[in-house]
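Taking it in order: structure first as structure tokens, then the write-up.
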2 protein chains.
Amino acid sequence: MADLIQRQREISALLQQQNYEAAVQALQPLNYADQARLIQQFPIEDQIELLSGLAHQGLVFEFFPFELQRQLISRYPLRLQIELFDDMHSDDATDLYKSLTDAEQDRIYQQLDQDTQEHLKALSAYAEESAGAIMSSDYVSMPADFTMQQAIEALRHEAHDRETLYLIYVTNDQSQLEGVISLRQILQADRDARIQQVMTKDVVTGWIDEDQESIARKLAEYDFMALPIVDHALRLMGIVTYDDAMDVVQAETTEDFLKASAVSTEPGMSIKKAPILKLYQKRVFWLVILVFGSLLSGLGISYYEDIIAAHIVLVFFLPLLVGSGGNAGSQSATLMVRALATGDVNIRDWFYLLGRETLVALCLGGTMAIAVSILGYYRGDAIVALVLALSMMGIVLLGCLIGMSLPFVLNKLKLDPASASAPLVTSICDATGVVVYLMIASQLLNL
Amino acid sequence: MADLIQRQREISALLQQQNYEAAVQALQPLNYADQARLIQQFPIEDQIELLSGLAHQGLVFEFFPFELQRQLISRYPLRLQIELFDDMHSDDATDLYKSLTDAEQDRIYQQLDQDTQEHLKALSAYAEESAGAIMSSDYVSMPADFTMQQAIEALRHEAHDRETLYLIYVTNDQSQLEGVISLRQILQADRDARIQQVMTKDVVTGWIDEDQESIARKLAEYDFMALPIVDHALRLMGIVTYDDAMDVVQAETTEDFLKASAVSTEPGMSIKKAPILKLYQKRVFWLVILVFGSLLSGLGISYYEDIIAAHIVLVFFLPLLVGSGGNAGSQSATLMVRALATGDVNIRDWFYLLGRETLVALCLGGTMAIAVSILGYYRGDAIVALVLALSMMGIVLLGCLIGMSLPFVLNKLKLDPASASAPLVTSICDATGVVVYLMIASQLLNL
């Protein structure tokens, strides 16, 4: 890290002397990610000089945060834009290309490599968040009858923008995937053996229209470096690499995380850098929606005003009872949302899980009921203690069942189960809690 | 997937005929993860036969869920235990070894390869959740003066349990890391060039005592396949690979996620399979703690009983006002916890973020104040509307500031900021909300 700061000073000095060639030389030994980090710091004119000077400007530019790529690309000269698109990996190039206006797309497209044009056209067509939208077409493939010697020779001349040389895919003349062989296998097999004798034929693949989260999960489960993506005729269409899978997991998790506390999300939004108004806008929607939940609780309370007035001790316990239901419900909802996201449970498991949840909720409710009835006896009498114990039991049970079911219901309604946020569950449980508590109280206390 | 089920039937039939050799043959073409998945399904006697027959039984056994590895290993015959430990990658072997009882460790240790013994002794010593505890010592290293031709020759004979052949580390005679070269660079450089001419000298490394989360973040940021881990004398100690980093991210995220709704966690706990009592135990702690928060709200309400009795309309709005503060506060806390976890913000940014949060909170509070004052005017009068608007403003502002600060305070107290769960924030905000609302009401309505 210290080195990086020193390097930055050095390059900065060279740029001030307009010695661009030496500045590029000083960048060269760094890895792409660090090159990107340094270049970002300089004014746009210097960025243009540095990127233009580098051999693999596209591979460096990929490491700029996506928001920054979008802002900068149209401010660069057209020549550099073309160089960047031709040099970038096809998946990153496609994401950036799709963010341009139609006019910008048209201006660039005609001047790109034929290869880049084809990749962009093919990859732009896939649905957001599908395997097709995150895959890259820069994989290496070889015929099955190559010998190991031939394979190594071929790999020596593969282009620098291949995502990986370490997994080589074998296809037949209908482009159908027949096998995969790793460079490790190639190196360690006999030089005259043929690929078909060594390759793995039982290849784990992803479908072109499969959800990106499911692709990322498969990669993590098998510890593969890349997953080949096929269409429904089993033709090889592209690959998704482990680093893209990590990005998907990171993005999806942040989304789920924020949804869990009722914040709408946007990929890559930084709470440090996003404009105040955007943060406001991402939060106000759910806050206003949740007001309606609270109004229901209010209505419940007004309906039972008389019983409250007659037994004012009930108000003291209201937040405790109602809050416990909301808390237990939030726990259930989060456990469920996370288990659905990691693939630990499946929508079909609902009935089985409902049974288990009922048992857990009875234990939790029982414990809480004992605690609260002691308090109730101390501050009120035996009847109050009974009211509290019964209410606590019912409220916690209901809370857990609501919390556990909401993600499933949302899923059935084709909504994201992660929208079953703690605040949403809490406000639903609050309203039911008020009614349960005051109903039980009015029955028992008016005996 | 369909193939896998068919394969399972086939192997199952062979096992019933006690034709173990053919059963192993049928497993052989599958990848390690699928082999592991199938073997798990069979009774332990068959597992022993199948694992003993496979060439790389350790690499397959690594794909068993860790809980299962722990349960099974001591039930396998000693000979198989030894084979497994010798064959596994050193990081996985160490995790499993540490889970054995002292007696079991002693019995196995003496019979292991010398190589395995050294790895186990060295790796067992590192602190949990540090780079040392997750790294593997199965990396490939070479002298800097090897030619590319020599490097390729050496790689042909590297053992099968090396984590990767694709990144080769170069050390000097004090074991200090001098550079790294990828197999891609080796293949594509001139055959007579020497490693030192081609290798990257500016190597990104992790420290042996660095937190595992920070290691995983570095790997994701640079898109590296592996990160070399060095001690404070810059000696190369091991590597952490991308698949281990993915596991770390997954585990840490689930932990944060469950903490966010006040569930205590345990690595690898499945809500589908964990015993009911364990689920109960992980949830009851926080539910009981949160009762105290609710009791504070209850106390607040009893203190202002008179003003409530005089203006019963206030009760109707109580859940709405108090709930909105809790909701806004949960949003702030989650945004902050997640931003700290992904490295978007830093503890030092607190003061800056507090300023931004105040602005966002004023906008949110303002919007909610307008909404609630209209309701208040409709159900009460102008004074009630004013009370509600002021209270809402104050409650939302306080809620946001509490939600944003709690993770920082926990961090300062050396606690995990992720413990600033939505239910905890909600129950603190509820108590302050009750006081703010009823204090403002008692001031203005008694004018």
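The values are calculated or read from the model by the stated rules, or taken from the named source; none is laboratory data. Note that the structure is predicted; figures quoted are calculated from it, not measured. FYI the Cβ positions are ideal-geometry reconstructions off the backbone, even for glycines, and counts take in every protein chain you see.
Some values worked out for this structure:
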{"item": "Subset of the stretch A:318-334 [more than 7 Å from every other protein chain (Cβ to nearest Cβ) and either of a type in the set (S, T, Y) or not in a helix (DSSP H, G or I) (or both)]", "result": "A:S332"}
{"item": "Pick from the stretch A:430-447, criterion small (G, A, S) and within 16 Å of A:V396 (Cα to Cα), ranking: modelled with the highest pLDDT", "result": "A:G433"}
{"item": "Residue within the stretch B:270-279 that is within 30 Å of A:E153 (Cα to Cα), modelled with pLDDT under 90 and outside the structural domain of B:A341 (by TED's automatic domain parsing) present", "result": "no"}
{"item": "Odd one out for B:Q149, checked against (1) within 14 Å of chain A (Cβ to nearest Cβ); (2) under 30 Å from B:D211 (Cβ atoms)", "result": "(2)"}
{"item": "Complete set of residues in the stretch A:39-63 that are within 14 Å of chain B (Cβ to nearest Cβ) and over 27 Å from the mean Cα position of the chain (by Cα)", "result": "A:A55, A:H56"}
{"item": "Among residues of the stretch A:46-78, those that are in contact with a helix residue (DSSP H, G or I) (Cβ under 9 Å, 6 or more places away or on another chain) and more than 25 Å from A:E158 (Cα to Cα), counted", "result": "18"}
{"item": "Test: residue in the stretch B:352-371 that is touching a helix residue (DSSP H, G or I) at 6+ places or on another chain (Cβ under 6 Å), in contact (Cβ under 8 Å) with a residue 40 or more places away in the chain and more than 17 Å from A:I276 (Cβ to Cβ)", "result": "no"}
{"item": "Helices (runs of 4 or more DSSP H) completely within the stretch B:24-111 that count 2 or more residues being of a type in the set (A, V, I, L, M) and surrounded by 15 or more Cβ atoms within 10 Å (Cβ to Cβ)", "result": "B:32-41, B:44-53, B:57-61, B:66-73, B:78-87, B:90-98"}
{"item": "Filter result (without any contact (Cβ under 8 Å) to a residue 60 or more places away in the chain, more than 14 Å from chain B (Cβ to nearest Cβ) and either in a loop (DSSP other than H, G, I, E, B) or under 28 Å from the mean Cα position of the chain (by Cα) (or both)) within the stretch A:157-176", "result": "A:N172, A:D173"}
{"item": "Verdict on B:Q197 being within 10 Å of chain A (Cβ to nearest Cβ) and over 21 Å from A:A220 (Cβ atoms)", "result": "no"}
{"item": "Single residue of the stretch B:339-352 satisfying the filter (at the interface with chain A (Cβ under 7 Å from one of its Cβ atoms) and of a type in the set (D, E, K, R)) that is farthest from the chain's Cα centre (by Cα)", "result": "B:D349"}
{"item": "Flag if A:R283 is surrounded by 22 or more Cβ atoms within 10 Å (Cβ to Cβ) and basic (K, R)", "result": "yes"}
{"item": "Residue check, A:A216 among the aliphatic types (A, V, I, L, M), in contact (Cβ under 8 Å) with a residue 60 or more places away in the chain, under 30 Å from A:A251 (Cβ atoms) and in contact with a strand residue (DSSP E or B) (Cβ under 9 Å, 6 or more places away or on another chain)", "result": "no"}
{"item": "Condition met for B:Y378 (of a type in the set (S, T, Y) and touching a Ser or Thr at 6+ places or on another chain (Cβ under 7 Å))", "result": "no"}
{"item": "Filtered residues of the stretch B:294-312 (kept if of a type outside the set (G, A, S), facing another protein chain (nearest Cβ under 8 Å) and within 41 Å of the chain's Cα centre (by Cα))", "result": "B:L295, B:L299, B:I301"}
{"item": "Residue in the stretch A:54-70 that is more than 28 Å from A:D247 (Cα to Cα), at pLDDT 90 or above and out of contact with any Pro (no Cβ under 6 Å at 6 or more places or on another chain) present", "result": "no"}
{"item": "Number of positions in the stretch B:115-156 that are over 23 Å from B:V198 (Cα atoms), among the small types (G, A, S) and assigned to a helix (DSSP H, G or I)", "result": "5"}
{"item": "A:V203 being surrounded by 21 or more Cβ atoms within 10 Å (Cβ to Cβ), at the interface with another protein chain (Cβ under 10 Å from one of its Cβ atoms) and either under 30 Å from A:M336 (Cα atoms) or at pLDDT 85 or above (or both)", "result": "no"}
{"item": "Count of the stretch A:353-370 residues which are over 34 Å from the mean Cα position of the chain (by Cα) and more than 7 Å from every other protein chain (Cβ to nearest Cβ)", "result": "5"}
{"item": "Conditions (1) more than 9 Å from chain B (Cβ to nearest Cβ); (2) β-branched (V, I, T); (3) within 19 Å of A:A418 (Cα to Cα); number of the one not met by A:I239", "result": "(3)"}
{"item": "Filter result for the condition that a residue is more than 9 Å from every other protein chain (Cβ to nearest Cβ) and hydrophobic (A, V, I, L, M, F, W, C), over A:V284, A:V315, A:V248, A:V291", "result": "A:V248"}
{"item": "Residues located in the stretch A:251-281, provided they are more than 9 Å from chain B (Cβ to nearest Cβ), within 18 Å of B:T342 (Cα to Cα) and assigned to a helix (DSSP H, G or I)", "result": "A:A251, A:E252, A:E255, A:K259"}
{"item": "Where A:Q185 falls short, out of the listed (1) in a loop (DSSP other than H, G, I, E, B); (2) without any contact (Cβ under 8 Å) to a residue 24 or more places away in the chain; (3) not aliphatic (A, V, I, L, M)", "result": "(1)"}
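Per-residue answers, yes or no, for (1) modelled with pLDDT of 90 or more; (2) more than 29 Å from B:R37 (Cα to Cα); (3) surrounded by 19 or more Cβ atoms within 10 Å (Cβ to Cβ):
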{"position": "A:E221", "(1), (2), (3)": "no, no, no"}
{"position": "A:P228", "(1), (2), (3)": "yes, no, yes"}
{"position": "A:D231", "(1), (2), (3)": "yes, no, no"}
{"position": "A:L234", "(1), (2), (3)": "yes, no, no"}
{"position": "A:M237", "(1), (2), (3)": "yes, no, yes"}
{"position": "A:A245", "(1), (2), (3)": "no, no, yes"}
{"position": "A:A251", "(1), (2), (3)": "no, no, no"}
{"position": "A:A262", "(1), (2), (3)": "no, yes, yes"}
{"position": "A:P267", "(1), (2), (3)": "no, yes, no"}
